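The values are calculated or read from the model by the stated rules, or taken from the named source; none is laboratory data. Since this is a predicted model, take the numbers as computed values, not measurements. When we count neighbours, we look across all protein chains shown, and the Cβ atoms used for this are built from the backbone with ideal geometry, even at glycine.
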């Protein structure tokens, strides 16, 4: 198939999933065309069968806000015609599904059919889409999509309830390449590699996000401050965003800034994750929790919040520990308990990897997308 993919190219779960999906589809022999305002950050030119098309946006002084959605629709239609795309797959409803709908109508007027699939990722439904100014157009574009998928049962249910959607939505979970996100095969090599981040005997905790308020990165620092009172440890904070400064100041004020390492945005998180003992993900809301899945594939259990789609990924007590939002005391106590009981931690590490392999590997999930595309194409021709 020839597939056009549009996503937000910056750091964030929807962009990561869309990019990794394109990479996996290309390695399966499909032709993938990314259409966006800049190249997705996980695309690095390492794959055959992947093409990138930039969306030029006018900066004409009349426009206070450049009309990206219209430029995107125009570019989608252009790329679809030039490269004979079979379908478009847009990630994050706003404005991508609206632009895809416009592109489909533009091409239909010229006698060409271009179906599009919308994947709902989370805040496009739980936050932005519920804004009164966007709700009608979000509902309309979901209803008009030729196929709709959701990354969790939680998100599907919320979409149906909040937007009064009466069309089918297929749940296809997020995925991880279990050959890229993999633990160290040799514990001796892992121990040696950890020495550049922590002293022998110190634990390593990690957090990975875009540092938006919903991720509660300040809670990460609070949890770690309590952990380090009982267990010698280092904290790696991977990513960047609006709450970074607050987290930096809190680490400074709690006198743990020598143990808290802000690593910024990292392209190769698959090399950092296997070094950690635990992932911290105290989010206000997660429709899935991709960072936790990537950690699980690397044999790293997660201390997380019992919100959204997280319980569909993390089995409390088996592959991680779940707590109410803001319960930093118990999150810290849970982390300390695991770090002091290496036997239990090792069992949890093995179970985390086992769950990633048996339920969320790309080899299991990509065929679900392929079958969904085929279903959409056969229904629309």
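For the structure I just gave you, tell me whether residue 239 is within 30 Å of residue 366 (Cβ to Cβ) and in the same structural domain as residue 309 (by TED's automatic domain parsing).
yes
What's the number of the only condition in (1) in contact with a helix residue (DSSP H, G or I) (Cβ under 9 Å, 6 or more places away or on another chain); (2) surrounded by fewer than 19 Cβ atoms within 10 Å (Cβ to Cβ); (3) under 24 Å from residue 286 (Cβ atoms); (4) touching a residue at least 24 places away in the same chain (Cβ under 8 Å) that residue 171 fails to meet?
(4)
Output the number of the condition that residue 197 fails; it satisfies all remaining conditions of (1) surrounded by fewer than 18 Cβ atoms within 10 Å (Cβ to Cβ); (2) over 21 Å from residue 281 (Cα atoms).
Condition not satisfied by residue 197: (2).
Evaluate the range 328-349: report whether one residue or more is within 16 Å of residue 215 (Cβ to Cβ) and modelled with pLDDT of 95 or more.
Yes.
Give, as residue ranges, the helices (runs of 4 or more DSSP H) completely inside the range 90-201 that count at least 3 residues that are at pLDDT 90 or above.
Output list reads 93-108, 135-144, 153-163, 187-194.
For residues in the range 221-274 being without any contact (Cβ under 8 Å) to a residue 24 or more places away in the chain and in a helix (DSSP H, G or I), which is surrounded by the most Cβ atoms within 10 Å (Cβ to Cβ)? Even if it seems obvious, please write down each step before you answer.
First, pick out the residues of the range 221-274 that are without any contact (Cβ under 8 Å) to a residue 24 or more places away in the chain: 229, 245, 248-249, 252-253, 255, 257-258, 268, 271.
Filter again for in a helix (DSSP H, G or I), leaving 245, 248-249, 252-253, 271.
Working: 245: 10, 248: 16, 249: 13, 252: 13, 253: 11, 271: 13.
Checked the range 221-274; the qualifying residue surrounded by the most Cβ atoms within 10 Å (Cβ to Cβ) is 248.
Exactly one of these conditions fails for residue 335: (1) buried (at least 24 other Cβ atoms within 10 Å of the Cβ); (2) under 23 Å from residue 361 (Cα atoms). Give me its number.
(2)
Would you be able to say whether some residue in the range 74-83 is under 22 Å from residue 376 (Cβ atoms), modelled with pLDDT of 90 or more and exposed (fewer than 15 other Cβ atoms within 10 Å of the Cβ)?
Checked against the condition, which is being under 22 Å from residue 376 (Cβ atoms), modelled with pLDDT of 90 or more and exposed (fewer than 15 other Cβ atoms within 10 Å of the Cβ), the range 74-83 yields at least one hit.
Please go through the range 14-53 and give me each residue that is surrounded by fewer than 16 Cβ atoms within 10 Å (Cβ to Cβ), in contact (Cβ under 8 Å) with a residue 60 or more places away in the chain and out of contact with any helix residue (DSSP H, G or I) (no Cβ under 9 Å at 6 or more places or on another chain), ordered by number.
Result: 44, single match.
Taking residue 163, is it surrounded by 18 or more Cβ atoms within 10 Å (Cβ to Cβ) and out of contact with any strand residue (DSSP E or B) (no Cβ under 9 Å at 6 or more places or on another chain)?
yes
So how many residues does the range 202-214 have that are crowded, with 24+ Cβ neighbours inside 10 Å and not in a loop (DSSP other than H, G, I, E, B)?
Here the count works out to 4.
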